[in-house]
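Asks: Handing you a structure now.
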């Protein structure tokens, strides 16, 4: 089975995670895919491959003869994002892409246009896997899984190919910040690793956002609208006022590179109770803390205006910028660059405007830069991945493990 065939197989599993669930993993589909992946790895000869009760998949490939280097982890996540459905995905291969508009769904008038997504121009002549416009695709991160499993198949069939112990880890719930909550590093047995969870071919990242989530609850007082004067206190209007207090241009749509933001990603309410959920992001830790303080100051202002405990806020930090822990291991960066050059891939070193399991693992003692998968436009209906890019990433991984032999 080649990397494209594997990818098409994996996206047939509905593994969308759910931040509102208290189950582990958050959705049952992740356990189903995890079990299937463990069986596939066993079928390749990886005898200890298994999916544990938390939905983490482990497998170990012994080193080639004479290799005494420590274990190298290759990591990807099984879940897909909450922004759009990951169920009943209908992928289609656009062969020899001509650089024009791609009709995803003629009936619903959905198309992926190069003027909206300029990265398409880099894939002219390639075979692109796209959606039917009603779901995301799942290249984030099933492309990474397909590339790692295809590498595993090669290494098991070619045990003399130089490589260190390769420690495979597939995690659940990365998209909702829980991917590493139950990872057993002792069982994984690696000294360092890479997440294969990036985007465009050549992307290499070893810094990322500091991340937190803020949940706000607004308490109002209901009244008959005909007799509400002096009584009604609308939680929804106070929530809208809260949003207006935050910097208008510090949102994802207005920022780039290392610029941070506040992102309102969920809201609901009535006149009596309303809630807002935000993502807080910044590469600079000092600015990250300042963003949290600003949100708290806005709460204090509204409580002075409307009365104590009108607004309540809870802020939970999710992960930190990995750079402080990865830069202490320059070999990881140089080996990734060298492996790309050996694969005729131009390295594109860029900060992640997001996070990975590697960010959290780096803070637990397992430094993990992030490598490309070839996928683009994750989390939405316009997501796509190049078949040729996935093949290139598989070759990149071969060259990478050889450098650690």
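The values are calculated or read from the model by the stated rules, or taken from the named source; none is laboratory data. Since we're looking at a predicted model, the values are computed, not measured. Glycine gets a Cβ as well: all are built from the backbone with ideal geometry, and neighbour counts include every protein chain shown.
Asks: I want to confirm something. Restricting to region 4-49 and keeping residues that are in contact with a strand residue (DSSP E or B) (Cβ under 6 Å, 6 or more places away or on another chain) and without any contact (Cβ under 8 Å) to a residue 24 or more places away in the chain, which single residue is surrounded by the fewest Cβ atoms within 10 Å (Cβ to Cβ)?
Replies: Among them, the one singled out is 48.
Asks: To continue, here is another question. Only one of (1) under 29 Å from residue 279 (Cα atoms); (2) surrounded by fewer than 19 Cβ atoms within 10 Å (Cβ to Cβ); (3) out of contact with any helix residue (DSSP H, G or I) (no Cβ under 7 Å at 6 or more places or on another chain) fails for residue 1. Which number is that?
Replies: (1)
Asks: Mind listing just one residue for me: the one in region 379-400 that is assigned to a loop (DSSP other than H, G, I, E, B) and in contact with a strand residue (DSSP E or B) (Cβ under 9 Å, 6 or more places away or on another chain) and, of those, farthest from residue 127 (Cα to Cα)?
Replies: Narrowing region 379-400 to residues assigned to a loop (DSSP other than H, G, I, E, B): 379-383.
Checking the rest, the ones that are also in contact with a strand residue (DSSP E or B) (Cβ under 9 Å, 6 or more places away or on another chain) come to 379, 381-383.
On the way: 379: 21, 381: 18, 382: 15, 383: 14 Å.
Taking the candidates together, the pick is 379.
Asks: Among the numbered criteria (1) touching a strand residue (DSSP E or B) at 6+ places or on another chain (Cβ under 6 Å); (2) crowded, with 22+ Cβ neighbours inside 10 Å; (3) closer than 27 Å to residue 337 by Cβ, which one does residue 163 miss?
Replies: (1)
Asks: Let me ask another. Only one of (1) in a loop (DSSP other than H, G, I, E, B); (2) in contact with a strand residue (DSSP E or B) (Cβ under 6 Å, 6 or more places away or on another chain); (3) not assigned by TED's automatic domain parsing to the domain that holds residue 9 is not met by residue 278, so which one is it?
Replies: (1)
Asks: Would you mind finding the one in 373, 346 that is modelled with pLDDT of 95 or more, in a loop (DSSP other than H, G, I, E, B), assigned by TED's automatic domain parsing to the domain that holds residue 88 and crowded, with 21+ Cβ neighbours inside 10 Å?
Replies: Values: 346 fails: crowded, with 21+ Cβ neighbours inside 10 Å.
Matching residue, one of 373, 346: 373.
Asks: Given (1) exposed (fewer than 15 other Cβ atoms within 10 Å of the Cβ); (2) under 30 Å from residue 404 (Cβ atoms); (3) over 25 Å from the mean Cα position of the chain (by Cα), where does residue 270 come up short, assuming only one miss?
Replies: The single condition residue 270 does not satisfy is (2).
Asks: At least 1 residues that are more than 24 Å from residue 146 (Cβ to Cβ) in each: list the strands (runs of 3 or more DSSP E) lying fully within region 183-262 that qualify.
Replies: 210-219
Asks: Can you confirm whether residue 152 is surrounded by 15 or more Cβ atoms within 10 Å (Cβ to Cβ) and either out of contact with any helix residue (DSSP H, G or I) (no Cβ under 7 Å at 6 or more places or on another chain) or in a helix (DSSP H, G or I) (or both)? First the steps, then the outcome.
Replies: On the way: surrounded by 15 or more Cβ atoms within 10 Å (Cβ to Cβ): yes; either out of contact with any helix residue (DSSP H, G or I) (no Cβ under 7 Å at 6 or more places or on another chain) or in a helix (DSSP H, G or I) (or both): yes.
Criteria met by residue 152.
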